[in-house]
Amino acid sequence: MASSEIEIVSDSNDQQNSGFRNPNEPAIIDVYSASAYGDFDKLRKFVEVDGVSIYQPDGNGYYALQWAALNNFADIVQYIIEHGGNVHATDNAGQTALHWAAVRGSIAAADVLLQHGARVEAADVNGYRAVHVAAQYGQTAFVNHIVAKYHADLNVPDNDGRSPLHWAAYKGFGDTIRLLLFRDAFQGRQDKDGCTPLHWAVLRGNAEACTLLVHAGTKEELTVKDNAGLTPAELASDKGHRQIAVILSNAQRSQRKQWKDKVCPAIMGRKGYAPILFAVVVVNIILFIISVLFAPGLTKVTAVVALWGWTGVSLAVAALLMLARCSSKDPGYIKTKVAGQPDAQDPLLNIDLNNTSSWTGNWSQLCPTCKIIRPVRSKHCPTCNRCVEQFDHHCPWISNCVGKRNKRDFFIFLCLGSLTSIVGAAVALQRIWTSVPLLAADESWLHHVISAYPAVIAFLFMDGVILIASLTLCIVQISQIARNITTNEMANAVRYGYLRGPDGRFRNPYNHGCRKNCSDFLIHGYTNDDEIAWPPLQHVAR
Ligand SMILES: [Zn+2]
Ligand SMILES: [Zn+2]
C-alpha cells in the first residue's frame, strides 16, 4: 500500500549503510563523510584549515548536519551548528536533520538539535514529522523522548491522514504501538482511505499489533469500515490472514456479548464456569452419600469403609471451600497507579533513555490498557481486564486468574480435588466389589453392576472426569512450581526477553533450584523476585 512513501528515509539510510561496508577503513574525503563517520579531527581540519563550508548540501542535497544526526554524533552536531549549520535546513524530500536522527533513534543528537531551535513538528514533503519517522523505524525510546520532553504531537496526521500509530501498526513494531497506546494515541483516526491503525495492522498481517490494538482499544474500531466498505475482520479475510480474522471476529463476538450482558445482567457473563463446577461437586457429594455409602442395594458399610467415606466427603467439602476462596481472592491485580508517582508527573519522563540497556526489551512492561508500568512477570488478562502479578493463567473453572496471590490456594484446590476423587473412587469400587452376589453363568459382572447400581456408575464417571482433570493440572503445576515458572511463561517463552540468556537460549532467572522454589512456594505462596521484576520502575522512582 503506502510502504513506498517511506523509501525516502530508507534511501538515506541505505546510503549510509553502504558507506559502512568497510568499517576499518572509512573513506573520509569530505565534511559529509567525516560527519557520517564521526571523525571529529578530520572535520575540524576540513573546516578550520581547508576552509570548507559546512552548511552547504552535498551533491544529493544532503547536509553534514543530517549525517551527524543520523549516527548520533552529538558533539559533531553541536560543532556544525556552532559553525553555521542550519537546524531548519531540508533536503530534497523536505527532511531536516531531526528526521534523520529519528531514523536511528539518535536521542543525544536530537537533543542538541532541539535545544538549538529545531522544530519538533517540522514536516517533510509527505507531511512526516520526526515522530512519524521514528514510528516507521520502531524507535520507541526516541518517540517517548520527543513526546515527553518536547511535547511532540503523537496523533498528528501526515499528508495522507496517517498518524504515528498507523505506521507503527503497519510495520508491526509492538513496543512502539504499546508506548503510543500507553500515551493515549487516538485509535479511531481514519486516513484518506478510511483505514484505522487496526486496518493497517491487518493489511500487513501483524497478529501481535492487532491483538495489542484490540485489547487496548474501545472495540469501536472493530466495526469501522474503510472506503472499500470493509471492517478490519473482513479485510483480514480478504487478504487471507486467517489467524487475524479469527482474533478479530472473536473480539467482535465477545464485544456483542458484553452489550448483551449490559441489557440482561442475569446472563453468566464473566462468571465463568465456577458455579457449574461447584454444583457438579455438590451433586457428586450427595450422590456419593446416598448411592455409595447408604444405598439400600449394597452391603452394610463397615467401620473402616465408613471412615474412608466420610474422609472423602470432608475432603470434598474442603475442596469446595478452596474453590470459593480461589475464585473470590485477588490473584495479584496490580494497582492502576504507580505508587509514589504524583498524577501530573510523567512516569516515563525520568527514565534515562540514553541508557538503552536498562530498557531493551522492557517496553512490554507498559500496559496500554491499565496505564501502568508493570513488573516483569505480570500480564494483562483480557477477561479480568486487569494486569496480574506473576500471571499464571486465567482459569474459567474458578472464574478467576491464577496469579501471585492465589496460586498456592489453586494448587491446594487441585490437590484436594485429586485426593477426594481417588478416595471416592476407591470407596465406590470397594462397595460394588463386596456387594455383587454370585452371578449366573450367562450374566457378566459389568452388565450386572451397570444394571444394578446405575447411580454408583454415574458417580464413578463424574468422579473419574474430575480425577483426570485435577490430577493432570496438579502434575503440571508441580513441575512448574519446582522450576519457578508460570504456565504463561511456558507457553510464551519466546516472547519474553527476560527468559533468554546472553546466548539467546532459554534461561529462567527466577529458578533458584528445586528445593528453594518449592519451599518459597509452600511457605509464602510465591517467590519474591522484586529486584529482577522491577528494575525500570526503581529507575523511574529515583
Ligand atoms: Zn493491564
Ligand atoms: Zn483473568
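The values are calculated or read from the model by the stated rules, or taken from the named source; none is laboratory data. Bear in mind that the values here come from a model prediction, so they are computed numbers and not experimental data. Every residue, glycine among them, receives a Cβ derived from its backbone with ideal geometry; neighbour counts consider all protein chains shown. Side chains included, ligands, DNA and RNA excluded: accessible areas come from the protein's heavy atoms. Shrake-Rupley method; radii C 1.70, N 1.55, O 1.52, S 1.80 Å.
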Cα-centred dipole magnitude for region 160-267, charges only on beta-carbon of K, R (+1) and D, E (-1), debye, nearest 20 | 280 debye
Full extension between residue 86 and residue 469 adds, at 0.36 nm per residue less the Cα distance, a length in nm of 130.8 nm
Note down the nm distance, to one decimal, between modelled labels 7 Å out along Cα→Cβ at residue 246 and at residue 44.
-> 6.3 nm
Estimated translational D of region 112-157 in µm²/s (Stokes, Kirkwood radius over Cα pairs; 4 °C; 1.567 mPa s) = 121 µm²/s
Which distance in Å, rounded to a whole number, links the C-alpha centroids of region 34-84 and region 91-114?
-> 14 Å
Can you figure out the FRET efficiency of residue 435 with residue 335, using R₀ = 60 Å and their beta-carbon distance, to the nearest 0.05?
-> 0.55
Taking all pairs of distinct alpha-carbon atoms in region 160-267, Kirkwood radius in angstrom = 13.8 Å
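Accessible area per residue for region 160-267 in Å², computed with a 1.4 Å probe and the full protein assembly in place, what is it?
Dividing the accessible area of region 160-267 by its residue count gives 46 Å².
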Sort out for me the Cα centre separation of region 173-216 from region 407-436, rounded to whole Å.
-> 50 Å
Residue 383 to residue 299: extension gain in nm, 0.36 nm per residue of separation minus the Cα-Cα distance?
-> 25.3 nm
Taking the square root of 5λ for each eigenvalue of the C-alpha gyration tensor of region 387-537, the equivalent ellipsoid has semi-axes, largest first and in whole angstrom, of 45, 14, 13
Length gained if residue 283 through residue 511 is fully extended, taking 0.36 nm per residue and subtracting the Cα-Cα distance, is 78.0 nm
Accessible surface of residue 171 in the full protein assembly, 1.4 angstrom probe, to the nearest 10 Å²?
-> 60 Å²
Could you rank 129, 405, 386 by how accessible they are, 1.4 Å probe, largest area first?
-> 405, 386, 129
Residues whose modelled amide H sits under 5 Å from the amide H of residue 386, counting only those 5 or more places away in sequence or on another chain, are 381
Of 397, 200, which has the most accessible area and how do the rest follow, probe 1.4 Å?
-> 397, 200
Mind checking the log10 I(q)/I(0) for region 430-479 at q = 0.17, 0.21, 0.27, 0.32 Å⁻¹? Debye, one equal scatterer per Cα, no solvent, two decimals.
-> -0.63, -0.77, -0.99, -1.15
Neighbour net charge for residue 334 - beta-carbon separation under 9 angstrom, K R +1, D E -1 = +2
If you rank 234, 221 by how much accessible surface each has, with a 1.4 Å probe, what is the order from largest down?
-> 234, 221
